[in-house]
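K.L.:
Just dropping this structure here.
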Amino acid sequence: MKKEYFDFLNSSLWINYTQQRYLTPDEIKYRLQQQGKSQADWPSMSKEIVATRKTGSITLFFKSIEPKFWFYPADVIHKKINDIEKLGKDLFDQINKNASFKNEFLLDSAIEEAITSAIYEGAHSTRAQAEQLIASGQRPKNKDEWMLINNFNAMKWVKDNQHSELSNDVIRRLHQIVTENTLDGDDVNFQGKFRNDTVFVGPHEGIAHDKIETALNEMIQLATNSPRYFHPLLKGILVHYFMGYIHPFFDGNGRTARALFYFKSIRNQLNYIELLSVSAYLRVHGEQYENSFVKVKENEFDLTYFIDFCLDSILSALQEVSRKVNYLLKMTDLKDRFELSQTQIGLLQRMALHKFRTIDIEEYAQRISKSREFARQELKHLLELNLVSEIKVSKKLVYKVNAEKLKNLYKE
């Protein structure tokens, strides 16, 4: 290889905009302009950047799909995966050691994903309404409520079936779950079934319907038995992307794709994925999410842009989990501050996660395996400290956490 090639690989242009950050040629050009650098040689530089990336890329070719997909394993991709793995494992270990709120934390995460995925797809609800609906077990009354319950049921199905092989049957089953009573018109006939006609999402046209089965089989092969090594996180992200590109259903593709990401990740024993809500990040950064699909298409089907965005969303979601876990762990100091028992602290931690839920004396006594009188005294003590409030529901006294009081106790 020529010396000029090695010089280019050590240049600030390559290191700053391909390795430390992965930017499109247009984004690089804009930054160079901002720095006042000459653009006279930009066309050749742009071609050199893309050609060098392609030379070191991992190809993802489908026989059934015309575009030749690829991605470049840049330093920034490896670093983000490493940061996610470290933070994710640390958090999962922390939660495993705190059995007092582990189950509630996992439930809270599933609820969060169910809610934000539904809202991202257009459902109108609040967290309070969604939590009360899920806790009540009542039958949904409208499409918005069905979307919430369906997403929650999909997360439960993923957990219960995590040892199943990824297949077209699994894809159809998850679509059937997430679209229950939410489809309109003729789409109702395609619940859990691949489309039989053309479909558009914005400017993107899903692949020809007669190629869907074959393309999905190739996707599954790529994500499970590729001759190249893919980190398990990347496998889930690739499934997410290709579900969007193939667009196998008339409606519900996004919800199905996100459920499949969880399915693939949890199946590959990335347990920390259970702790986070990817859709919560998408809800805030929806435009960037959609733009990541556009960047792939506009840059010779370079999937690195979508992968990079998804890794950012996962890392951000884990950082939110970290803040939540630290908040709950801080509550252990209440034992000395207010002379509380471990069971009282555990109750406050669990209720802080589900601040809209209530508990009565009998339920609390059963949970902590103590007498009714013991449970009553503990709840009374928390009430006197204003850490819980007492309300009457159907002639029964129930207790609800004073979330505002707890937050004020730990304001920095």
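K.L.:
Looking at (1) among the polar types (S, T, N, Q); (2) under 16 Å from the mean Cα position of the chain (by Cα); (3) closer than 18 Å to residue 238 by Cβ, can you tell me which one residue 299 breaks?
P.N.:
Residue 299 satisfies all of (1) among the polar types (S, T, N, Q); (2) under 16 Å from the mean Cα position of the chain (by Cα); (3) closer than 18 Å to residue 238 by Cβ except (2).
K.L.:
Counting residues that are touching a Ser or Thr at 6+ places or on another chain (Cβ under 6 Å), which helices (runs of 4 or more DSSP H) fully inside region 255-350 reach at least 3? Please lay out each step first, then the result.
P.N.:
On the way: elements: 278-284, 286-298, 304-330, 334-337.
By residue number, 278-284, 304-330.
K.L.:
Now for a separate question. Take region 24-48 and flag every residue that is buried (at least 18 other Cβ atoms within 10 Å of the Cβ) and outside any helix (DSSP H, G or I).
P.N.:
Result: 24, single match.
K.L.:
With the condition kept exactly as written, say whether any residue in region 173-185 is buried (at least 19 other Cβ atoms within 10 Å of the Cβ) and over 25 Å from the mean Cα position of the chain (by Cα).
P.N.:
Within region 173-185, not a single residue is buried (at least 19 other Cβ atoms within 10 Å of the Cβ) and over 25 Å from the mean Cα position of the chain (by Cα).
Computed from the coordinates by the stated procedures, all read-outs in this text should not be read as laboratory data. The model shown is predicted, which means the values in this text are computed figures rather than measured ones. Every residue, glycine as well, gets a Cβ built from its backbone with ideal geometry; the counts of neighbours run over all protein chains shown.
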